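Trainee: Mind looking over this structure? Questions follow.
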Amino acid sequence: MTNQKLIAGNPENRQGCLRILKYLLLSMRPEQWIKNLFVFAALLFSKNLLNPSKGIEALAGFTIFCMIAGCAYLVNDLIDLERDKQHPVKSKRPIASGKLRKTIVIPVILLIGCTSFFFAFSLDKVFGIIVLCYFILNVNYSLYLKNIVIIDVATIAAGFVLRVWGGAVVISVTASEWLFLCTLLLSLFLGFSKRRHELVLLADNAISHRTVLEHYSAYYLDQMISVVTASTVLCYAFYTMSDRTAESLGTSKLIYTLPFVLYGIFRYLYLVHQKEKGGNPADILLTDKPMIANVILWVISSFLFIYVVH
């Protein structure tokens, strides 16, 4: 008993546990959790943003998506372990570098996964199914979907749509088809832009980094980016001017938020083409000041037109 107390109270053991927790958190990619903010889309566009109970439900949904997304990243790192060891950057990740052992990661995946599914199904059965589908989709992406041209980006886009759908289900509202379509097109835009960034930046090493890049070219990606860019803008414009939107939200002024959408897309294209960024959309949203300001202004203007100015 005394020996157990000494071991538990050993500062080196405590530091070792803290290091493991740190490496686990890093492997779960918390900087990528910003993508889960799409869960709140239905809350904003259903006029429930000021409803405390709905807000708590949406926050719970967001937290569950963050947990299951982190779990999916751990699975991905285990699947890509041998390949990541050969990569100049990914080899420094905790699992690839050996700082985190499989014997620790696998039980953590089971614990976080089971906990996430338990709370998801406790909130709502349909929401639980959506979270389960999101996890299965991500595992299949890590296994083979990421190697299939076009399907790789479509899979990423489907993940964003599931987030929006989950956010609507968890607060018991029906999301507009326009909202799903806007989400799909925007995520395709981000996905193809990311592929272009990887292809151009890595050049001859692109294929070794991601095998699917063998099937892409900068010109081909530019064509698809052009299509989804125009489609995203038009879809958002139609959504804001839709009679159904005006009736459900009580305002027809959302069209005045279109300049922020246009600027956001143009700014992103500028970063991709002129600054060789775009490989990490989450990083841009967290570090690019003009983009951050634009997103904040879009949220504020949307809030004002939906909740204040009719």
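The values are calculated or read from the model by the stated rules, or taken from the named source; none is laboratory data. This one's a predicted model, so the numbers in the text were calculated from it and none came from an experiment. So basically every Cβ, Gly included, is an ideal-geometry build from the backbone, and we count neighbours across all protein chains shown. Side chains are part of the model used for accessible areas, which takes the heavy atoms of the whole protein and leaves out ligands, DNA and RNA. Shrake-Rupley method; radii C 1.70, N 1.55, O 1.52, S 1.80 Å.
Trainee: Would you kindly find the accessible area of Glu276, with a 1.4 Å probe and non-protein molecules such as ligands, DNA and RNA excluded, rounding to the nearest 10 Å²?
Mentor: 110
Trainee: Let me know the shape class of the range 1-159, please: from the alpha-carbon gyration tensor, a ≥ b ≥ c as square roots of the eigenvalues, rounded when a/c is under 1.5, otherwise prolate if a/b is greater than b/c, or oblate.
Mentor: Values: a/c = 2.30, a/b = 1.30, b/c = 1.77.
Judged from the Cα gyration tensor, the range 1-159 comes out oblate (a/c at least 1.5, b/c at or above a/b).
Trainee: Return the ratio Rg/(2.2 N^0.38 Å) for the range 86-209, where Rg is computed over Cα atoms only. Provide the component values of the computation, followed by the final result.
Mentor: Working: Rg = 17.4 Å, N = 124, 2.2 N^0.38 = 13.7 Å.
So the range 86-209 has a normalised radius of gyration of 1.27.
Trainee: Also, I was wondering about something else. To the nearest 10 square angstrom, how much accessible area does His273 have with a 1.4 angstrom probe?
Mentor: Answer for His273: close to 80 Å² accessible.
Trainee: Quick check: at a probe of 1.4 Å, how many percent of the accessible area of the range 244-295 sits on carbon and sulfur atoms? Before the final figure, lay out each step's value.
Mentor: On the way: 1650 of 2820 Å².
C and S fraction of accessible area: 58 percent.
Trainee: Right, another one. What's the FRET efficiency of Ser226 with Tyr144 using the Cβ-Cβ distance as r and R₀ = 25 Å, to the nearest 0.05?
Mentor: Taking R0 as 25 Å, the efficiency between Ser226 and Tyr144 is 0.30.
Trainee: If one computes the Cα centroid of the range 248-270 and of the range 25-88, what distance in Å separates the two points?
Mentor: What the calculation gives is 24 Å, centre to centre.
Trainee: Next question, about the same structure. Using only the Cα atoms of the chain, what are the Rg and Dmax in Å?
Mentor: Expressed in Å, the Cα Rg and Dmax of the chain come to 21.2, 73.
Trainee: R0 = 41 Å: FRET efficiency of Asp243 with Ile79, Cβ-based, nearest 0.05? Could you put the intermediate results ahead of the total?
Mentor: Details: r = 47 Å, r/R0 = 1.15.
Computed FRET efficiency for Asp243 and Ile79: 0.30.
Trainee: Right, next: Please build a GNM for the chain, connecting alpha carbons under 10 Å apart, and tell me which residue among Ser27, Ser231, Ser122 fluctuates the most.
Mentor: It is Ser122.
Trainee: Using the membrane-span-like helix rule (whole DSSP H runs, Cα extent along the own axis of at least 30 Å, mean Kyte-Doolittle hydropathy at least -0.5), which helices of the chain qualify? Show your work: numbers first, answer last.
Mentor: Working: long enough: 52-79 (40 Å, 1.19); 102-123 (31 Å, 2.02); 177-202 (37 Å, 1.02); 218-241 (34 Å, 0.97).
Helices meeting the criterion: 52-79, 102-123, 177-202, 218-241.
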